[in-house]
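What follows is one structure encoded as structure tokens, with my remarks underneath.
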Amino acid sequence: MKRVLLFSALFLAGVFAASAQDINKPQTSANVGMAPVQQGNWIVGGSLGSLGYSFEGENFNISLNPRAGYFISDGIAIGLGLVGSLATVPDEDDVWGYGVAPFIRYYFPEGSSSTGRFFAQGDVGISGSSPGSGASLALGANVGYAHFITSSVALEVTAGYNYSKATVSGSTGQSGLGVALGFQVYLPGQR
């Protein structure tokens, strides 16, 4: 009987001790409001991976798109993005792409929460490719959502349509839908 009583007392003490401990969980969101997207702040980051399918070339592609921008007013940022990509073409060599594209990004005040913001982004720039014939026009229109995991870092998902007039493998023009995942760091400006 003493053993059962001792075991029960140790069990209850263990349960109370385990429930009394404060377990640190990773931070998954932060209440930021309008602070990161105010005039004078900076944005640095980009898409870490982009997977897409081209309608004309019937190929898959992946790209890396770093970018940096400046908020010219609350919720509106302009900046410059770089493009590096790889496209696999059936029965041909892989295509390496490159480019530079100024962008404008607008954060919607409607539908936002204290931990995230919807945005739209437009790009106009130049691009080229390894077997292509020089630089050409590149356009992009994307929408996305930025979820703030800290007061200055957001994870993003974007989806949209991208077009390039580059000549690759005898066909002129590449266009298609794409999805990208990435992150942005929002740096406060000097006030």
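The values are calculated or read from the model by the stated rules, or taken from the named source; none is laboratory data. Since we're looking at a predicted model, the values are computed, not measured. Please note: Cβ atoms are built from the backbone with ideal geometry, for glycine as well, and neighbour counts cover all protein chains shown. Note: areas computed on protein heavy atoms with side chains; ligands, DNA, RNA excluded. Shrake-Rupley method; radii C 1.70, N 1.55, O 1.52, S 1.80 Å.
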Nonlocal amide H pairs with Phe108, under 5 Å, H built at 1.01 Å: Phe118, Phe119, Ala120
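State the extension gain, in nm to one decimal, for the chain segment bounded by Met34 and Ile78, taking 0.36 nm per residue of separation less the distance between their alpha-carbons.
Working: separation 44, 0.36 × 44 = 15.84 nm, distance 1.72 nm.
Extending this stretch completely gives an extra 14.1 nm.
Using the heavy atoms of the protein chains and a 1.4 angstrom probe, tell me the accessible area per residue for segment 32-187 in square angstrom.
Values: 7620 Å² over 156 residues.
Accessible surface, normalised per residue, equals 49 Å².
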Phi to ³J(HN,Hα) by Karplus 6.51 cos²θ - 1.76 cosθ + 1.60 over segment 61-74, Hz, x for Gly, Pro: 9, 9, 9, 10, 10, x, 8, 9, x, 9, 7, 7, 7, 4
Net charge contributed by nearby residues that have their C-beta within less than 12 Å of Gly125 (K/R +1, D/E -1): +1
Note, ³J(HN,Hα) from phi for segment 31-36, Karplus 6.51, -1.76, 1.60, rounded to Hz, x at Gly and Pro: 7, 10, x, 9, 3, x
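State the Kirkwood hydrodynamic radius of segment 32-187 in Å, one decimal place, computed from all pairs of distinct Cα atoms.
Working: mean 1/r = 0.0628 Å⁻¹.
In segment 32-187 this quantity evaluates to 15.9 Å.
Report the full-extension gain for the segment Val44 to Gln190: residue separation times 0.36 nm, less the Cα-Cα distance, to one decimal in nm. Before the final figure, lay out each step's value.
Working: separation 146, 0.36 × 146 = 52.56 nm, distance 1.60 nm.
Residue separation times 0.36 nm, minus the Cα-Cα distance, leaves 51.0 nm.
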Neighbour net charge for Phe148 - beta-carbon separation under 12 angstrom, K R +1, D E -1: 0
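Over segment 32-187, what is the relative contact order in percent, taking alpha-carbon pairs closer than 8 angstrom and at least six residues apart? Please list the in-between numbers first.
Values: 462 pairs, mean separation 36.6, N = 156.
Worked out over segment 32-187, it gives 23 percent.
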Built amide H within the under 5 Å cut-off of Val153, gap 5+: Tyr186
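Given charges of +1 on the Cβ of Lys and Arg and -1 on the Cβ of Asp and Glu, with all other atoms neutral, how large is the dipole of segment 32-187 about its Cα centre, in debye to the nearest 20? All intermediate terms of the calculation are to be shown ahead of the outcome.
Details: 4 positive and 10 negative charges, 110 e Å.
The dipole of segment 32-187 has a size of about 520 debye.
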Of all accessible heavy-atom area on segment 32-187, the percent that carbon and sulfur account for (1.4 Å): 69
